[in-house]
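Report on the structure given below.
The values are calculated or read from the model by the stated rules, or taken from the named source; none is laboratory data. For clarity, every value in this text was computed on a predicted model and none was experimentally measured. Positions of Cβ are generated from backbone atoms using ideal geometry, with glycine treated the same way; all protein chains shown enter the neighbour counts.
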Amino acid sequence: MKKNLFLFILASAFCFAQNSLMVSPQTGTMITSGTITNFKLISDGNSVALVATNNATGKVFIVDVNDNNPAEKAANTILTTSNNVKTRIGAAIGQTISYIKNIEVNPITNSVYVMAMVNSTPYFVKLTNSGNTITALNFNTMPYCALNFTSSNCTFQDIAWGGNKLFVSSNHNTLNGELGYISAPFTHNTTITKRSTTMFKSNWGNIYVTSAPLEKLNYIKINNTEYLCGTTTCAPGFSETVSSLVDNSGLFTVRESFNVVSDYSVKTIAINNGTDAYLLDLHNNGAYNTIYRIGKKFLDGTPFTNNTYNSNAVELRDFWGTINPSLTAEEITSFPGSFTSMAYYSPCELLTLSSDYQTLGKLSVCTATLNVEEQNVKNIKFEISPNPASDVLHIFYDDKLYKNIEATIYSYDGKLIKKQTIDSNNKNISISDLQTGNYLLKISNKGIDMDSKSFIKK
């Protein structure tokens, strides 16, 4: 039986607890015209909301997904990959999936949200239990706040979140770009403040193109300065301070900071790693999509000394996608593989979706810089014995340094088997109830993963 738009099966009763990102939320039919065009997950550390855009009405919806329990994070973590994603989603909703438009990861629980398309109709599902459990979402049962952006018939481009603000970019017709911003918490029926945009594109004749849109948009903080950065079609890159947007009015003039030269970005993600900062660009190269890592110097205002309004932006690659040989790996790096989407997973890790929409996997994009506490935790030495074992695993570590270690056992297909707190009085974990086979034991302290050990249950 064909499902109606957004009429999905909800696996469990919804809890109407107040979401700290929302004020005076509504319930009932959320979308009355058109469809959801794209989405993003946002979080203030306590609550999570799904932000959805709707071209037909020109509204932005903030939806309470009721998914904010950090205790679920370990069980939801995808250890290596989650396979047959497109096929399994299709089976869960009873439809043949055409393609998957976007994926997002909940930073609190590590559950994965997916926007799957059946022709032009979007369906939304949540993947939990290491990607093995699929739950369809019914927005008509969830609290939401509708924010007014424009009257109708706009084309929403992208959504960014940071510094307790939501940023939304759009355009009307061919160009006529607009960039909106609004602070959380969000009150139903509030209007988003917006400014028309103009973007300098050196490959469009060395001129400003009036009211050009900003197709890809991200928030990042570098040296205590907030930036909005991203790329546009063909594909100049930009990075402007948030203050230059919110502290002024009139036309928002965006400068070209770098140039990815050709084609378009499918999705971009900005990440901080210690004192480093990067923009990850999933870029269309014709027949395939490549992930590029663009360095901090192109995001923090460095190029603007000699490139304020001229055509001297650094070309990061050529027309065929080959990286400029004069640039260092820190300035731009590409990663092997072809992907259709990606999402932030951890400070130096992306969750990627394969070109056939079937495999979710993790991609390391930098070497994590740890703070002092994390460095100490990572330096912990622990061992397990015996291995293989039949009844009990003994865990050895310095209990004078670390208290309340958490031990979690997973099967090799990523399923959570059991979780137990380990301390100086009990450094053993029973495995007598496990079936014979190979398992993974992960050790964490204060929410920080320290190490993992493989063992065999005999």
Original post:
Just to be sure, is Ser326 at pLDDT 85 or above and under 18 Å from the mean Cα position of the chain (by Cα)?
Top reply: no
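Per-residue answers, yes or no, for (1) outside the structural domain of Lys40 (by TED's automatic domain parsing); (2) closer than 28 Å to Gly250 by Cβ; (3) without any contact (Cβ under 8 Å) to a residue 60 or more places away in the chain:
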| site | (1), (2), (3) |
| --- | --- |
| Phe139 | no, no, no |
| Met142 | no, no, no |
| Leu147 | no, yes, no |
| Gly163 | yes, yes, no |
| Thr174 | yes, yes, yes |
| Glu178 | yes, yes, yes |
Original post:
So how many residues does the stretch 235-267 have that are without any contact (Cβ under 8 Å) to a residue 60 or more places away in the chain, part of a strand (DSSP E or B), crowded, with 19+ Cβ neighbours inside 10 Å and hydroxyl-bearing (Ser, Thr, Tyr)?
Top reply: 1
Original post:
Is it the case that Thr121 is of a type in the set (Ser, Thr, Tyr), buried (at least 19 other Cβ atoms within 10 Å of the Cβ) and either modelled with pLDDT under 95 or over 18 Å from the mean Cα position of the chain (by Cα) (or both)?
Top reply: no
**OP:** Could you list all residues from the stretch 276-307 that are farther than 19 Å from Asp318 by Cα, among the hydrophobic types (A, V, I, L, M, F, W, C) and outside any strand (DSSP E or B)?
**Re:** Leu299, Phe304
**OP:** Among the candidates Asn138, Asn148, single out the residue that is among the polar types (S, T, N, Q) and either under 21 Å from the mean Cα position of the chain (by Cα) or closer than 16 Å to Ile36 by Cβ (or both).
**Re:** Asn138
**OP:** Give the residues of the stretch 103-150 that are assigned to a loop (DSSP other than H, G, I, E, B), within 29 Å of Ser24 (Cβ to Cβ) and not hydroxyl-bearing (Ser, Thr, Tyr), sorted by residue number.
**Re:** Asn106, Pro107, Ile108, Leu137, Asn138, Met142, Pro143, Phe149
**OP:** Mind listing whichever residues of the stretch 432-458 are over 13 Å from Leu79 (Cβ atoms), modelled with pLDDT under 85 and of a type in the set (S, T, N, Q)?
**Re:** Ser444, Asn445
